[in-house]
Amino acid sequence: MAVDSVWVMLAAVLVIFMQAGFALLEAGSTRMKNAGHVAGKTILTFGLAAVAFWAIGFGFAFGNGNSFFGTTGFFVDGSAKQAAAAFSSLSFSDAPISIKFLFQLAFAGVSLAIAWGGFAERGKLAVYFVFGVLFTVVIYPIVAHWVWGGGWLAQLGMQDFAGSTVVHLQGATAALVATLLLKPRLGKFNKDGKPNLIPGHNQVYTVLGVIILWIGWFGFNPGSTLAAVNDGFFGYIALTTNMAAAAGGVAALLVSWAYFGKADIPSMLNGVLAALVAITASCAFVDVWASIVIGAVAGIVTFYTAQWFEKMGLDDPIYAFSVHGIAGIWGTLSTGFFATPELAKSVGVGQAGLFYGGGLHQLGVQALGVFGAFLFVLVLSFIILGIMKLTMGLRVTEEEEIIGLDLSEHGNYGYPEQLKKPEIGGHTATVSS
């Protein structure tokens, strides 16, 4: 029990540290005038998620209940008594419920961080408070219960080991709804609909963010065993995870080179992330060679869908839906093709995929899970954000957007030394913070 507990706690820390990766990735991918806001809201929203998930979300997700949501285990007290009475879906692990809660909270926080990609550079700060709490309480935990909490998709044998659908598709779908309701950033599209490039201000930040996320994924996927004392299976999951990420990055860089005539670094970074998203569902169910195929396909498909969405008028600054949504769908479906009989039996979830003699059954279950989760999050996000748009508004004013959210929402720039006063007497003075 002690070794299992230490392993799950370490994995939880790695996944929580992914918030640092999101802060660097998103801040680097947006403009300097919004950098402090984009990075700072990461702390705010994880804090909100922690309180909301502790009070209600964890019970809805993993508490004993019905096929759609849990009805026990609210206000987690960390006791063995509450764990035994309320959380039978997590009883396969010997780690204490307090550590299991921290681990699952980290997942909820990642899903919420993905959702914020659709709000970038134009969403009001107040929206993060309201939607952050509601997403953590009434959206994310319901689908988590369906798949991981003994719900109807778990009963059908849906294979989503660490959350291609539960974590990534949910966050990406909410981001898509936000992107549609907020509409494009000022200057993103010309009158003829042709998109303009709005480059991020610091590509080094984005690279560092992706490296941190890649490392964090070794808690995300291998940590989902919720145990270390076994045959070392978490090491195999780490292997498939890493190989998929490597293949995705290389494949995306190559297709960007062919498409643009230059090797595009942001495309490579998105390829790595898309591959990690895709292998998240299948990491425990597929052979190593299949993980490389899954990762490469994710990197390529994400690149082309990102270009297509932009041409269709969608302004997704972080490419959240392409990276986490499209790749999440592909990754979830991939076990329906590549799941081996041995690994499916070892994990104890679902059946072999189509390429291993399993027929279309597992692929059908995976497709049903993707469709059900996507539709649920899409509808509920439209309802919640639609009401918020009518009542409190989602978007800052044009003047505030032009000034930048650092100054308009927080009263200071993330890079105060870069703010210059108008020239006076032939000299330009730097404004202090």
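The values are calculated or read from the model by the stated rules, or taken from the named source; none is laboratory data. From a predicted model like this one, the values you see are computed outputs, not experimental measurements. We place every Cβ from the backbone using ideal geometry, glycine too, and count neighbours over all the protein chains shown. All accessible areas refer to the heavy atoms of the entire protein, side chains included, with ligands and DNA or RNA removed. Shrake-Rupley method; radii C 1.70, N 1.55, O 1.52, S 1.80 Å.
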Next on the checklist: Let me spell it out: the conditions are (1) surrounded by fewer than 23 Cβ atoms within 10 Å (Cβ to Cβ); (2) over 22 Å from Leu354 (Cβ atoms), and Val293 meets all of them except one. Which number is the exception?
Outcome noted: (2)
Next on the checklist: Please go through (1) in contact (Cβ under 8 Å) with a residue 60 or more places away in the chain; (2) under 23 Å from Asn221 (Cα atoms); (3) more than 16 Å from the chain's Cα centre (by Cα) for Ser98 and return the number of the only condition it doesn't satisfy.
Outcome noted: (1)
Checklist entry - If you go through the stretch 192-204 one residue at a time, do you hit one that is modelled with pLDDT of 95 or more, surrounded by fewer than 24 Cβ atoms within 10 Å (Cβ to Cβ) and on the phi > 0 side of the Ramachandran plot? => result no
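Go through Gly109, Gly59, Gly78, Gly73 for me and flag whichever is assigned to a loop (DSSP other than H, G, I, E, B) and buried (at least 24 other Cβ atoms within 10 Å of the Cβ).
Working: Gly109 fails: assigned to a loop (DSSP other than H, G, I, E, B); Gly59 fails: assigned to a loop (DSSP other than H, G, I, E, B); Gly78 fails: buried (at least 24 other Cβ atoms within 10 Å of the Cβ).
From the options Gly109, Gly59, Gly78, Gly73, the qualifying one is Gly73.
Only one of these is touching a helix residue (DSSP H, G or I) at 6+ places or on another chain (Cβ under 6 Å) and surrounded by fewer than 18 Cβ atoms within 10 Å (Cβ to Cβ): Leu186, Leu153, Leu169. Name it.
On the way: Leu153 fails: surrounded by fewer than 18 Cβ atoms within 10 Å (Cβ to Cβ); Leu169 fails: surrounded by fewer than 18 Cβ atoms within 10 Å (Cβ to Cβ).
Every option except Leu186 fails the conditions.
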Checklist entry - For the stretch 268-282, does any single residue satisfy the condition of being farther than 25 Å from Thr335 by Cβ, modelled with pLDDT of 95 or more and open to solvent by 40 Å² or more (accessible area, probe 1.4 Å)? => result yes
Checklist entry - Does the stretch 46-62 contain at least one residue that is touching a Ser or Thr at 6+ places or on another chain (Cβ under 6 Å) and at positive phi? => result no
Checklist entry - Does the stretch 304-321 include one or more residues that are within 17 Å of Gly118 (Cα to Cα), surrounded by 24 or more Cβ atoms within 10 Å (Cβ to Cβ) and in contact with a Pro (Cβ under 9 Å, 6 or more places away or on another chain)? => result yes
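Please give the helices (runs of 4 or more DSSP H) falling wholly within the stretch 328-410 in which 2 or more residues are closer than 30 Å to Ala284 by Cβ, in contact (Cβ under 8 Å) with a residue 12 or more places away in the chain and open to solvent by 20 Å² or more (accessible area, probe 1.4 Å). Steps first, please.
On the way: elements: 341-347, 361-391, 398-403, 405-410.
Filter on the stretch 328-410 gives 341-347, 361-391.
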Item to check | Search result, residues across the stretch 5-40 that are open to solvent by less than 10 Å² (accessible area, probe 1.4 Å) and charged (D, E, K, R) | outcome: Glu26
